[in-house]
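No lab work stands behind these numbers, since they all come straight from the coordinates. Keep in mind that what you see is a predicted model, and the values were worked out from it rather than measured. As a convention, Cβ positions derive from the backbone with ideal geometry for all residues, glycine included, and neighbour counts pool all protein chains shown.
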Amino acid sequence: MQTSVQNFLAGLLICVSLSATPCFAQDAQVRFGTDVPRDVEQIYERGLQWLATSQTKEGGWEGGDNGPGITGMCVMAFLASGEDPNFGRYSENIRRAVRNMIQSQTAATGFFGGNAGHSSMYHHGFAMLGMSEIYGVLDEDSLWPAETNLDERRSVGESLELAVKAAVTSQKNNQFNAWRYGPEATDADTSVSGAVLMGLLAARNAGIKVPDESIDKALDYFKSMTTNRGEVGYSGVGGGGSANLKAIAALVYAIGKRKDVEQYKAVLSAITVNLEHEEYSYPEYFRYYTAQALFQGDFDAWNKWNLKTSRQLKELQNKDGSFTSQHGPAYGTGMSLLAMALNYRFLPIYER
């Protein structure tokens, strides 16, 4: 994980080596996350303050959808701007949220779904992603209060290993080698599969053992759902899906190190050709995945899209710092902040 000092030195080195003009200097700052736009900083600060003050004493968030996946999103939102989970101003919020996720995990199976209903595998994927980003960063000596029963305690590493096992077991029982809403589902869709696959890729990136076969088969599923025009299907056969699915597919190809396949080239082209596109169905979801897909695939396109989106989010943010969404304010705020998080470059999963 890059620190702000490392980011600064990296940018400074490039400027010196290029005998930089002000234009080059600005470009290096943008590329290495050392020049975060003021609007983004204000959006982020207000959003984090809302997350901190609205968190329950148990560590989660209420209102609309809630569960380990939403909590994982909020943990990532804190970490993404460089907040210290051990000594920082939001350290207790982060630790409380991590405890909440671990306590929601079924010990016998490793499943993070809890009482999340039909969206349970979404929660599992995002919780696994959030736990992957906190792994190795959190000093766990301070994680559990002394009064917590020993049988309720679990380390982040143990939790992640269990979560990976649950995802892999679910995939093995699925005829498409992918995932759907429930862990025992035999059908699949690219939206749920993208969430779980990103969790697995993040766990592998963090050093947790993830079978190569599981990653390969999941990526093959995405290839089967992508046409040569860059259309990505939702379920069944490929093609005809929303812009959300194009962004998800582009991201998993990139993070899964499949930038050489034709499907990736086609879907990235389909995204970058229309940077002005607005998605009115699940817009927070769209911004979250599009930010990452563009950043991984076309930095100049991301820079243009990021400027437009930061202005848009500034207008959408409520006075209290939250973002309204059809899934509730915690989801809306966490996802909206994460759409801006690439301005900071702190999360390992965001590395290019």
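Per-structure values
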| item | result |
| --- | --- |
| Cα-Cα over 19 Å, subset of Lys259/Lys308; Lys172/Lys209; Lys165/Lys209 | Lys259/Lys308 |
| Label point distance in nm, Asn149-Leu316, each placed 7 Å from Cα along Cα→Cβ | 4.2 |
| Residues His277, His327, His123 arranged by fewest to most Cβ contacts within 10 Å | His277, His327, His123 |
| Residue with peak Gaussian network fluctuation, the chain [Cα springs, cutoff 10 Å], from Asn149, Asn228, Asn173 | Asn149 |
| Cβ-placed point charges (K, R +1; D, E -1), dipole of the chain about Cα centre in debye, nearest 20 | 500 |
| Table column - 3J(HN,Hα) (Hz), region 288-298, Karplus curve with 6.51, -1.76, 1.60, x for Gly and Pro | 4, 6, 5, 4, 6, 4, 5, 4, 6, x, 7 |
| Extreme residue, positive dipole direction of the chain, given options Leu251, Ser170, Tyr181 (C-beta unit charges) | Leu251 |
| For region 270-338, alpha-carbon Rg relative to the globular expectation (2.2 N^0.38 Å, N residues) | 1.10 |
| Those lysines that a straight Cα-Cα span of less than 24 Å connects to Lys57, excepting residues fewer than 8 apart in one chain | Lys319 |
| Dimensionless Rg over Rh [region 114-202; C-alpha; Kirkwood] | 1.04 |
| Whole-angstrom Cα spans of the chain along principal axes, big to small | 59, 49, 38 |
| Straight-distance crosslink candidates among lysines, where the alpha carbon sits under 21 Å from Lys265 and sequence neighbours closer than 8 are dropped | Lys217, Lys223, Lys246, Lys257, Lys304 |
| Region 68-165 shape via C-alpha gyration tensor axes, a/c threshold 1.5 | oblate |
